[in-house]
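A quick write-up on the structure given underneath.
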Amino acid sequence: MKKKLMAVLLSTAMVFSMVACGGSDNSDAETTTDSTATTQETTEETTASSDVKIGLVTDVGGVNDGSFNQSAWEGLQRANEDLGIEVNYLESKTDSDYTPNIEQFMDEEYDLIICVGYMLADATRTAAEANPDQKFAIIDDASCSDLDNVSCLMFKQEQASYLVGYVAGLTTESNKVGFVLGMENETMNQFGYGFCAGVKDANADAEILQANANSFADSATGKSNANTMITNGADVIFHAAGATGLGVIEACQEAGIKAIGVDSDQSSIAPDTIITSAMKRVDNAVYDAAKSIVEGSYTAGVITYDLSMGGVDIAPTTDLLSEETIAAVNEVKEKILSGEITVPSNKDEFEAAYGDIYTLDK
Amino acid sequence: MDVIITNLGLLINATLIATPPLLFAGLGSCFSERSGVVNIGIEGMMTIGAFIGAVAGLYTGNGWIAFLCGGLAGAVLGIIHAIVCISFHADQTIAGTAINFLGTGLALFLCKALFDNSSDTPALDPASKLPKIFEGVFKTGSFGSNVLNVYGVAYLVFVLAFVCWFVFYKTKFGAHLRAVGEHPEACESIGIDVYKVRYTCVILSGFMAGLGGAFVTLATINQFRPNVIVGQGFIAIAAVIFGKFTPHGTTWACLLFGLCTGIKTLASMSNTVSPNLISMIPYVVTIIALILFVGRANAPAANGKPFVKAR
């Protein structure tokens, strides 16, 4: 009797956890197949886009990271709704999952495999070299640009960071602003270059306090980093640090100073604290990549999403900004679009224009 | 001098942010382990506590009630773990692993079900979080503000640590729970209800892990996300082993981990040392402390062994 009870109990637990794990494999995926089936029936002659299958391989963040993996999956879901294509994703729990996940999509004959993040660069290169007929796209990495079946989706995050830096420079009263970085690498440093450049151009006297939390998931460290900056006088802090940044925002809220969000419009987390956000529209890039497959216009090589293409932008929420600030930022935005201002995107460009004031890079 | 005082304030502040979740979970884990039930499901219990805490905060608008709800959610998982391990004599490590999947999975599943398929809960209003003591008394950024104007619970947890120590060594129940973890057969022979003691301890451990999780979403930050707990449950287990399965040892171990986070934060501001080296600090300190000062960790003799009642 007891054994039976235990069997029932354990299997209930198992079912629950399976449901829970599969929770993200949500109804959208199911409706996909349904809607595909119907579209197939109605538009059979036109070799409809419903035959197209696109797969997304996440990095270790998973599709619920509240950051760019999630954004990528949202873009693909939008493509599924608009274009009627079949979409699916595989989450990588560890670095060793990248290759098997890519292979699984290849075995199932997906038309395009989108790899999210520079961490998948090696796995993508290996797979792309071995399977020249399989189309790939990778986000935030240009190292595969020499292959003619990999499309590298790059972002000019320094442009969005420049704009929020400009806001920070205009907003600060103590002439001290803070920047908390999640991890030091080429892509992430571009947030720092753009931010520092924006701050300095708006307010040459401003000092930029900087810290590298070295983690995207440690909100306690993020909070302590921000508290340190606040103690040292900062009154606006920008984070590019994923969930670590939640701690940064919370510290700012508690101290009553201003924070600047990243990746998406984070205003809802702390409406009285977050004055603006540097948005990186990974969803738009993924959507475009999906569309290119449907339309047959897929191209390999580097595709850079910048301000003009809506790939990066400053958040639409401007409730906490003064009229003058909004006007000034819009003016600067026009100047970037017209090419009058070039935002530095690497160490050499940055140091040539502003000196070695960004200390987090090597 | 001012610089030293400021930095000391920051160090204490960072410690008071990083330590409480670990200490809540660690103290709870002491109960479970000492009564002879291995509980590696702490991570899952913390995650469900963090989620339910955030949700209760949203609906009740009262930080204390929400905090308690987080604890109760952890206790529910504790009950499941207790039934499986104690009544059904299942392998405790496997059951704990299942609890980890269940806790994190269930939190995400419920979050998506409740909040329109979103994996993070809406942000909490500052008023529905746990209260801070001395709010507005000190100037922002001053020593007093950094040390004293913190969440009341961050100090309360040290009181709880003392209470745990008292229960362990000064009460009858404490003596029973320690004995049950060493030699359950002997305890049964003198009339101690082994199952009852173990049930109490495992559920307590779930409750306290839930509190630890709720601290993260109700004090450290203001919303739940699937990655807010990541790894803290396992660090708490490490602290318990490091602290030789005693409440006071665990407290020191958790404080050490918390202090290292503080050192890490201060060191990361100067940017002179590689951030990767700085991130190693807590782990290097642990290894050194283990080698030099702690010696052998003495796990309770009956820990992890299912106990079958004599017929």
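Give me the residue from the range B:223-273 that is free of Cβ contacts under 8 Å to residues at least 60 places away in the same chain, over 17 Å from A:THR244 (Cβ atoms) and not hydroxyl-bearing (Ser, Thr, Tyr) and, out of that set, nearest to the other protein chains (Cβ to nearest Cβ).
B:VAL273
Checking A:MET183 against (1) within 14 Å of another protein chain (Cβ to nearest Cβ); (2) surrounded by 22 or more Cβ atoms within 10 Å (Cβ to Cβ); (3) touching a Phe, Trp or Tyr at 6+ places or on another chain (Cβ under 7 Å); (4) modelled with pLDDT under 95: exactly one of these is not met. Which one?
So the condition that A:MET183 fails would be (2).
It is to be established whether one or more residues within the range B:279-294 are more than 14 Å from chain A (Cβ to nearest Cβ), within 17 Å of B:PHE24 (Cβ to Cβ) and touching a helix residue (DSSP H, G or I) at 6+ places or on another chain (Cβ under 9 Å).
Taking every residue of the range B:279-294 in turn, none turns out to be more than 14 Å from chain A (Cβ to nearest Cβ), within 17 Å of B:PHE24 (Cβ to Cβ) and touching a helix residue (DSSP H, G or I) at 6+ places or on another chain (Cβ under 9 Å).
Given the options A:MET229, A:MET279, name the one that is surrounded by 24 or more Cβ atoms within 10 Å (Cβ to Cβ), among the aliphatic types (A, V, I, L, M), touching a residue at least 40 places away in the same chain (Cβ under 8 Å) and over 16 Å from A:LEU153 (Cα atoms).
After applying the criteria, what remains is A:MET229.
Going by the structure shown, is A:ASN214 within 13 Å of chain B (Cβ to nearest Cβ), surrounded by fewer than 24 Cβ atoms within 10 Å (Cβ to Cβ), at pLDDT below 95 and at positive phi?
Yes.
Please enumerate the residues belonging to the range A:316-362 that are among the hydrophobic types (A, V, I, L, M, F, W, C), outside any loop (DSSP other than H, G, I, E, B) and surrounded by fewer than 16 Cβ atoms within 10 Å (Cβ to Cβ).
A:ILE326, A:ALA327, A:LEU337, A:ALA352, A:ALA353
Is it true that B:GLY144 is at pLDDT below 90 and surrounded by fewer than 23 Cβ atoms within 10 Å (Cβ to Cβ)?
So B:GLY144 fits the description; yes.
Quick check: anything in the range B:179-192 among the hydroxyl-bearing types (Ser, Thr, Tyr), out of contact with any Leu (no Cβ under 6 Å at 6 or more places or on another chain) and not in a loop (DSSP other than H, G, I, E, B)?
yes
Among the numbered conditions (1) touching a residue at least 60 places away in the same chain (Cβ under 8 Å); (2) assigned by TED's automatic domain parsing to the domain that holds A:ILE257; (3) crowded, with 22+ Cβ neighbours inside 10 Å, tell me where A:ILE139 comes up short.
(2)
Does A:ALA241 meet the test of being more than 14 Å from chain B (Cβ to nearest Cβ) and farther than 30 Å from A:LYS53 by Cβ?
Against the criterion (more than 14 Å from chain B (Cβ to nearest Cβ) and farther than 30 Å from A:LYS53 by Cβ), A:ALA241 does not qualify.
When you go through (1) within 22 Å of the chain's Cα centre (by Cα); (2) within 14 Å of chain B (Cβ to nearest Cβ); (3) acidic (Asp, Glu) one by one for A:ASP235, which number turns out not to apply?
So A:ASP235 meets the others, but not (1).
So the check is Cβ under 6 Å with 6+ separation or different chains; which pairs have a first residue in the range B:1-27 that's at negative phi and a second one that's of a type in the set (Lys, Arg) and crowded, with 21+ Cβ neighbours inside 10 Å?
Cβ pairs passing all conditions: B:ILE17/A:LYS223.
Mind checking which residues of the range B:120-156 are touching a Pro at 6+ places or on another chain (Cβ under 6 Å) and within 10 Å of another protein chain (Cβ to nearest Cβ)?
None; the set is empty.
Taking B:PRO21 and the conditions (1) within 13 Å of chain A (Cβ to nearest Cβ); (2) farther than 23 Å from B:LEU148 by Cβ, which numbered condition does it fall short on, given that it satisfies the others?
(2) is the only condition that B:PRO21 fails.
Please tell me if B:ILE12 is closer than 14 Å to B:LEU102 by Cβ, part of a helix (DSSP H, G or I) and aliphatic (A, V, I, L, M).
No.
Which residue, of A:THR228, A:THR244, is in contact with a Leu (Cβ under 6 Å, 6 or more places away or on another chain) and in the same structural domain as A:THR172 (by TED's automatic domain parsing)?
From the options A:THR228, A:THR244, the qualifying one is A:THR228.
Within the range B:162-170, is even one residue surrounded by fewer than 24 Cβ atoms within 10 Å (Cβ to Cβ), on the phi > 0 side of the Ramachandran plot and either part of a loop (DSSP other than H, G, I, E, B) or more than 18 Å from the chain's Cα centre (by Cα) (or both)?
no
What's the total number of residues in the range B:193-222 that are away from chain A (no Cβ under 14 Å), under 18 Å from the mean Cα position of the chain (by Cα) and under 20 Å from B:VAL38 (Cβ atoms)?
Of the residues in the range B:193-222, 11 are away from chain A (no Cβ under 14 Å), under 18 Å from the mean Cα position of the chain (by Cα) and under 20 Å from B:VAL38 (Cβ atoms).
Just need a number here: residues in the range A:83-120 that are over 21 Å from A:ARG281 (Cβ atoms), of a type outside the set (Asp, Glu) and not in a helix (DSSP H, G or I).
Going through the range A:83-120 one residue at a time, the tally reaches 7.
Taking the options B:LEU77, B:LEU108, name whichever one is touching a residue at least 60 places away in the same chain (Cβ under 8 Å), within 7 Å of chain A (Cβ to nearest Cβ), not in a loop (DSSP other than H, G, I, E, B) and not small (Gly, Ala, Ser).
B:LEU108
The values are calculated or read from the model by the stated rules, or taken from the named source; none is laboratory data. Model, not experiment: these values are computed from the prediction. FYI the Cβ positions are ideal-geometry reconstructions off the backbone, even for glycines, and counts take in every protein chain you see.
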